[in-house]
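Following: one structure in structure tokens, then a few remarks.
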Amino acid sequence: MTPRTRRLIALGAVVVLVLLAGRAIAGLLADRWWAAGISDAASDAVTRWTLYGWLLDAIAMTVAAVWFAAHAVIVVRGIATVTMARRIGTEEVPVTVPPDLLMRWAVGVGILLGVITGSGARAWRAPLALAREGVRLGAIEPVSGADLGQFVARLPVWQIAHGFILTLILLGLALVVVLYLVSGGIHRASGPVVVHPHTRRHLGVLFALLALSLAAGSLLHPWTSVAALTEPLRLVDARLRVVMSQAVFGAGLAVAALSLAWAQKGRDSLLLAAWLVLGVALAGERLLLPAVTAPTTPIEGADAQIQEATARMWGIALLPEGPAADTVPSVTGRWDRASLLSAVEGQGGVLLTATAAHSGAGDSVLPVWHLVVASRSGTPRELLTVRDGPEPLRDEVGVIHRIGMDAARIFPGAPAWSATTSGVPAGGFLRRLLLTWARQAGGMLGLRASDHLDWHLEPHARPAAILPMVSWLPAEAVVVAGEPLWLVQGVVSVDAFPLATRALWGTREVAGAMPAFVAVIEPATGAMRIFRDPSADSVAAAWARIMGPVVEPEGALPDPVRDAMGYPRLLFEAQLRVLEGPAWQLGRRAGRRVADGPPELPVPIWSLAEEPGWQAVLEDPARLTIATILSASRRAGRLHVAVQRHDAQGPENSREFERRWNRMPALAQWRDSARAAQDSVRTGTVRWYLGAAGLVGWQPMIAISRTGRATALAVAVSAGERVAVAREPSAAWDGLFADGQIRLETLGQEVDLERWGKAREWLARADSALARGDMTAFGRAYEALRRLVLEPRPE
């Protein structure tokens, strides 16, 4: 390699390092400037978290680079000479490689491998910080005798440390073997493989370190195996696993000693036998013993232990409830997010969020929705508080009040950044260059020095920039003291915990996900405060201590904000997946259209005593009937799930109820009328209520006109074999329970009114067609009018 080539390579490496370091520093400065607009505590938290990640990356890469470079240097120093074939003319002439060049290449290869291996250590920040702070759950795990908080806080760090050390040893061993094969330290002569004494001593030390690492892993294995348990072990079996791990630890120490002996004396058969024994011991501990000690018969109290662990890790507070005293639900909801989305889109808008709420108190609770609606261009227009009535978007009838949000800069679907009147000052050219480099947004460079800018404009991205270790859920819009606010709830997950049922949280399978924090954001200014969730436990408390003043003290959450908080739907869906497990025997979720189809999403419900929540049902897997009704809501800010068990006597499920409703003449006529007007009818999710009259269900039906206007067409209700349908929920329930009979007369009168309205519409169409001479259209209108008038009235 010529001096010019070496200089070019060195210059390229320097340029790459400068670019990487410059981007990192620009990112840190930009994050600090942004967080300073939230609070000084937020700026300090962002800085500490970023520097902590840099420190871990630097330590891991330095350790790995020194490790690999040291072994490469040892290999080079043990080599007498290395020759390479060089072609001169038509002949190849052996040329000796200078030792200093070999040394430089060895160190370079070691450093490169170390940087690759150690990069990404910033991902260890969360487990290391939690381990340093510590978590106490106040319960003892019987096998290890340790507090269960050790499995949440300390075990992940032990696994990280052991995995990193084992990776260094294995990669170092592979690197050394390859270098010795290339240099001739390991070669094959005419017969067996020949290992140079220097090579054998080097490999012997690495084999000893590998054996010690495996021995340490055997001591860690009882902890990891206990953390991975999905059902309890008998104490004798658990003790047997501990004894076996201790035996493997002793075997590892013996193999380490024999590896060092081989390094000195070179008895290959002794080394091979020792590692064969260790391999068999490891296979027995990791594969054979778990299979032999797996429970074959039910263990007394196993379900209770699984329930306790799962409920703790998934934030499930189950409250068994019997049938309610009332015959029908106090509030009959008709709309959900899907139907509201159709209503907003039908009027040419875009629905950003839909949050269930209520208005009033006591026995006069009115179900309402907070809708954030934008125009097609994406500009926020207003927050609408609408009634859960026939037409929620109809002015003065469905809309309770409007709050303009044209000035809001924090909203779902917001741009990556925007120029604002307050925020991060654009400053001089150097500052704008750093901001552009950090955010990769070229438009920032064109701002003036007096301008301001802001980013992290998605509501959930704002708290995630300060507390990235928390899973922040989609934002909900609420109205507190007449002002709009974004509420973003945060959840912390746990990777492993004894006996906890595992389920998907996002894209990862975890042992738990617990409510932790809530961020309150002002849409216009972007100001944000982060509070402890009222249902948060000791894990969230540990994170609050770690992050310091950025999380406000416990009890600081204002009561109006607490009362506006709902139950996180995504958390409830994850809880439903674990509640389907065999430990609870509550049933399984089933599809509404077909028994084995995808499960229905939770549906919003209202009650007089609690905040709006979510409802889901589980079916008996054998009889496919409703077995359990789960209602998730907040009570005084704390999460709980009301559990109502139902011993079904008949085929009571949503599919059967829909078949009964579809056979009703009144409902069929309404649907036919809608189709005749070229409207579409969308059926909502069946909702349930277990009261004094037994299990009742209702299903809202939404009509969507050709112009996109959405209207609540009807509510179908059912109790046992009795069914009824009406425009208004109160009329439907009255029709179902009037003197124990269905009041078909009332339904018939409503059908007559509907038929009269349609007749007037077709008559107007016929007159219009006749006036313009369109006899084809006149014939269609006449036939439709004739069928409508001659159709018999339902009895």
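Details
- Checking Ala85, Ala70, Ala106, Ala80 one by one, the residue that is within 30 Å of Val195 (Cα to Cα), small (Gly, Ala, Ser), in a loop (DSSP other than H, G, I, E, B) and modelled with pLDDT under 95 is Ala80 and no other.
- For the stretch 1-47, filtering for residues that are under 21 Å from Val551 (Cβ atoms), surrounded by fewer than 17 Cβ atoms within 10 Å (Cβ to Cβ) and hydroxyl-bearing (Ser, Thr, Tyr) leaves 1.
- Among the residues making up the stretch 445-493, those that are among the aliphatic types (A, V, I, L, M), open to solvent by less than 10 Å² (accessible area, probe 1.4 Å) and not in a loop (DSSP other than H, G, I, E, B) are Leu453, Ile466, Ala477, Val478, Leu487, Val488, Val491, Val492.
- Residue match in the stretch 215-229 (condition: touching a strand residue (DSSP E or B) at 6+ places or on another chain (Cβ under 9 Å) and in a helix (DSSP H, G or I)): no
- Lone unmet requirement of (1) open to solvent by 10 Å² or more (accessible area, probe 1.4 Å); (2) of a type outside the set (Phe, Trp, Tyr); (3) farther than 21 Å from Asp31 by Cβ for Ala500: (1)
- Within the stretch 638-666, considering residues that are open to solvent by 30 Å² or more (accessible area, probe 1.4 Å) and modelled with pLDDT under 75, the one nearest to Val686 (Cα to Cα): Pro651
- Among all positions in the stretch 269-277, there is at least one residue which is in contact (Cβ under 8 Å) with a residue 40 or more places away in the chain and either over 48 Å from the mean Cα position of the chain (by Cα) or not in a helix (DSSP H, G or I) (or both).
- Filtered residue count, the stretch 395-412, keeping only those that are surrounded by fewer than 17 Cβ atoms within 10 Å (Cβ to Cβ) and either part of a loop (DSSP other than H, G, I, E, B) or of a type in the set (Lys, Arg) (or both): 6
Okay, residues lined up against (1) aliphatic (A, V, I, L, M); (2) modelled with pLDDT under 95; (3) buried (at least 22 other Cβ atoms within 10 Å of the Cβ):
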residue	(1), (2), (3)
Val520	yes, no, yes
Ala524	yes, yes, no
Met565	yes, yes, yes
Gly581	no, yes, no
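- Counting only helices (runs of 4 or more DSSP H) wholly contained in the stretch 288-393, the ones carrying 1 or more residues that are open to solvent by 30 Å² or more (accessible area, probe 1.4 Å) and farther than 22 Å from Trp584 by Cβ occupy 289-293, 337-346.
- Listed by first and then second residue, the pairs linking a residue in the stretch 107-132 that is over 30 Å from Val178 (Cβ atoms) to a residue that is open to solvent by 60 Å² or more (accessible area, probe 1.4 Å) and part of a helix (DSSP H, G or I), with Cβ atoms under 7 Å apart and 6 or more places separating them unless they lie on different chains, are Arg125/Tyr52.
- Residue match in the stretch 667-682 (condition: of a type in the set (Val, Ile, Thr), surrounded by fewer than 20 Cβ atoms within 10 Å (Cβ to Cβ) and at negative phi): yes
- Sole residue being of a type in the set (D, E, K, R) and modelled with pLDDT of 95 or more, chosen from Arg532, Arg508: Arg532
- From the list Val157, Val176, Val152, the lone residue that is touching a residue at least 60 places away in the same chain (Cβ under 8 Å) and either farther than 23 Å from Trp262 by Cα or surrounded by fewer than 20 Cβ atoms within 10 Å (Cβ to Cβ) (or both) is Val152.
- Every condition in (1) at pLDDT 80 or above; (2) of a type in the set (A, V, I, L, M, F, W, C); (3) within 17 Å of Pro390 (Cβ to Cβ) is met by Leu753 except one, and the failing one is (1).
- Test: residue in the stretch 179-193 that is in contact (Cβ under 8 Å) with a residue 12 or more places away in the chain and more than 19 Å from Leu102 (Cβ to Cβ): no
- In summary, Thr711 fulfils each of the numbered conditions (1) over 27 Å from Tyr567 (Cα atoms); (2) open to solvent by less than 10 Å² (accessible area, probe 1.4 Å); (3) not acidic (Asp, Glu) with the single exception of condition (2).
- Close pairs from the stretch 760-774: first within 17 Å of Ser673 (Cβ to Cβ) and among the charged types (D, E, K, R), partner part of a helix (DSSP H, G or I) and modelled with pLDDT of 70 or more, Cβ under 6 Å, at least 6 apart: Arg765/Ala781
- Residue that is nearest to Ser43 (Cα to Cα), among those in the stretch 413-425 that are assigned to a strand (DSSP E or B) and open to solvent by 30 Å² or more (accessible area, probe 1.4 Å): Pro425
- Any chance Leu253 is open to solvent by 30 Å² or more (accessible area, probe 1.4 Å), aliphatic (A, V, I, L, M) and free of Cβ contacts under 8 Å to residues at least 60 places away in the same chain: yes
- Cβ-Cβ under 7 Å pairs, at least 6 apart or on other chains, the stretch 280-297 side over 15 Å from Gly217 (Cβ atoms), far side open to solvent by less than 40 Å² (accessible area, probe 1.4 Å) and not in a helix (DSSP H, G or I): Thr293/Leu233; Pro295/Leu233
- Test set (1) in a helix (DSSP H, G or I); (2) open to solvent by less than 50 Å² (accessible area, probe 1.4 Å) - Val135 fails condition number: (1)
The values are calculated or read from the model by the stated rules, or taken from the named source; none is laboratory data. No experiment lies behind these values; they were computed from the predicted model shown. Note: ideal-geometry Cβ built from the backbone for every residue, glycine included; neighbour counts use all protein chains shown. These area figures cover heavy atoms from the full protein model, side chains too; ligands, DNA and RNA do not enter into them. Shrake-Rupley method; radii C 1.70, N 1.55, O 1.52, S 1.80 Å.
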